[in-house]
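Undergrad: Attaching a single structure in structure tokens format; questions to follow.
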Amino acid sequence: MFRLGTTSYILPADLVANARFLADKVQDVQLVLFDLDDGQSNLPSPEVIAELAGVAAAHGLTFTVHLPLDLRLGDDAAGAGEEDHLSLIKAKKVIDCTRALNPFAYVAHLDGRSVKNGATTAQLARWQSQSVRALEIVAGRVGGPHLLAIENLEGYALDFIQPVLDCIPVSRCMDIGHLWADIKANLMWRFN
């Protein structure tokens with residue numbers, strides 16, 4: 001199923017103003033949320049969540065929630081398989097904050113920087129296994145893998161994450177902006 005959606009920051013305004021503006025233009029608004037280590041955060045308060053839920057109910061709108069960091073397990077130095085990686089902690093915080101919206105999906109990236117430009121077969125297999133485990137952890141927090149959508153990123157082949165997705169029944173989310181960045185980079189490379 002395809003749904004037309006856009007990000008939550010089209011107007012230079014808050015989440016609620018953007019949701020109201022977009023309610024008759026799209027089927028879904030992706031809440032782009034952040035919670036930075038320096039204290040900056042746009043995580044919505046319970047009052048804002050209630051307002052967003054009201055807009056959604058009045059217009060048949062759904063929300064997807066973009067998790068703030070690329071998902072991964074603990075660093076090798078800390079021990080593989082740990083659930084206390086910052087990306088998983090922040091994901092839990094965002095999930096807990098937005099659960100009352102009954103999101104259509106939670107959107108995430110997988111952090112494959114360590115293996116995307118070359119890795120041994122064993123390193124790649126380990127990354128894939130750890131990525132599956134990270135998705136299992138997050139799926140448990142959101143209510144099941146059917147509520148997770150893994151988004152493409154520029155700089156990665158479209159099939160790069162497919163072995164991970166073959167192991168857990170999550171969805172894919174096609175971000176046209178990321179896809180366009182890849183196309184643009186490839187065109188620039190060819191003409192330079």
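Undergrad: Can you give the extra length, in nm with one decimal, that the chain gains between THR6 and ASP84 once fully stretched, where that is 0.36 nm per residue apart less the Cα-Cα distance?
TA: 25.0 nm
Undergrad: When the helices in the chain are scored as -39500 (n - 2.57) per DSSP H run of 4 or longer and the sum is shared across all residues, what 222 nm value do you end up with, to the nearest 500 deg cm²/dmol?
TA: It comes out at -12500 deg cm²/dmol, rounded to the nearest 500.
Undergrad: Which of the aspartates and glutamates could be linked to LYS92 by a straight reach, that is with a Cα gap under 12 Å, when you skip same-chain ones fewer than 8 residues away?
TA: By straight Cα distance, LYS92 reaches ASP35, GLU83, ASP84.
Undergrad: Cβ under 13 Å from VAL107's Cβ, VAL107 left aside: what net charge do those residues give with Lys, Arg +1 and Asp, Glu -1? Walk me through the intermediate numbers first.
TA: Details: positive: ARG3, ARG172; negative: ASP28, ASP70, GLU151, ASP175.
Its environment carries a net charge of -2.
Undergrad: Under 16 Å from a point placed 7 Å out from the Cα of ILE176 along the Cα-to-Cβ direction: which residues of the stretch 14-54 have their backbone N that close?
TA: Label zone hits: 25-30.
Undergrad: Would any residue of the stretch 125-149 have its amide N under 12 Å from a label point 7 Å out along Cα→Cβ of CYS167? List them or say none.
TA: Label zone hits: 125-137.
Undergrad: A follow-up question, please. What is the antiparallel percent of DSSP beta bridges lying wholly in the stretch 5-191, to the nearest 5?
TA: Beta bridges within the stretch 5-191, antiparallel portion: roughly 5 percent.
Undergrad: Assuming 0.36 nm per residue, please report the length gained on full extension of the stretch ALA157 to ALA50 beyond their Cα-Cα distance.
TA: Extra length available between ALA157 and ALA50 comes to 34.6 nm.
Undergrad: Taking the Cα centre of the stretch 5-191 as the origin, how large is its charge dipole in debye, to the nearest 20, when only Lys and Arg (+1) and Asp and Glu (-1) carry charge on their Cβ atoms? Walk me through the intermediate numbers first.
TA: Numbers: 15 positive and 23 negative charges, 77 e Å.
I would put it at about 360 debye.
Undergrad: Using all Cα-Cα distances in the chain, what percent lands in each 10 angstrom bin from 0 up to the longest?
TA: Distribution as computed: 9, 33, 35, 19, 5, 0 percent.
Undergrad: If contacts are Cα pairs under 8 angstrom and at least 6 residues apart, what is the relative contact order of the stretch 5-191 in percent?
TA: 16
Undergrad: Where in the chain are the DSSP H helices whose alpha-carbon span along the long axis reaches 27 Å or more and whose Kyte-Doolittle mean is at least -0.5?
TA: TM-like helix candidates: 121-142.
Undergrad: Roughly how many nanometres apart are two label points built 7 Å out from the Cα toward the Cβ at ALA100 and ASP14?
TA: 1.4
Read the figures in this text as sums done on the coordinates, not as results from a lab. No experiment lies behind these values; they were computed from the predicted model shown. Glycine also receives a Cβ, built like all others from the backbone with ideal geometry; neighbour counts cover every protein chain displayed.
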